[in-house]
Amino acid sequence: MGSKQRISDLMHMIDNILDISYMEIGELDFESVVLAEVVESSIGDVQGIAQQKGVQLNNNVSTESSQILGIPKRLQQVFTNLLGDGVKFTPAGGTVSISSQEKDDCILLEVADTGIGILPEELPRICDDFYRGIRVDAEGAGLGLSIAKKIVEAHGGSIVHVASDKG
């Protein structure tokens, strides 16, 4: 890995640390957001890496999805983090999918992949600050899921279920 890439990775890590330290999301900053458009932008963020690895991205979010109130940039950060992790931990030939389902007064979003999976004992900790899994040899500071969780909660949502059928 060249020095230019190392500097870029370091800058990204610093940005994540600053994000988690200074994240302030207030309802006054919310605007009407078309969820399908935010998801499409997030897929664009990780499409290049997915193609390089030979990982297929599937967007199953309805283009008729409802509008929600939120901060588009922050919501895009959530989906980019989740999709990016899926791509990072999925081998060539695998898939990463995002889908949505509207239920009562909420929208459920699911990101699923055919990656290496998460050990059962790690599941409760994967959204902790700086936590990286036992089997992780990929780059990163362990902040992506923590940041995603904080953003989702600031929008009045929750990451309600994390599962792995591998372990």
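Quick notes on this structure:
- Take each peptide in 86-95, 71-80, count the other Cβ atoms within 10 Å of every residue, and average; sorted highest first, the result is 71-80, 86-95.
- Neighbourhood charge, 15 Å Cβ-Cβ cut-off, centred on Val39 and excluding it, Lys, Arg +1 and Asp, Glu -1: -4
- The stretch 67-116 shape via C-alpha gyration tensor axes, a/c threshold 1.5: oblate
- Summing charges over all other residues whose Cβ lies under 13 Å from the Cβ of Ser66, with Lys and Arg as +1 and Asp and Glu as -1, gives -4.
Readers should treat all values here as calculations from the given coordinates under stated rules, not as data from a laboratory. Here the structure is a predicted model, which means the values were calculated and not measured. In this analysis, Cβ positions are derived from the backbone assuming ideal geometry, glycine residues included, and neighbour counts consider all displayed protein chains.
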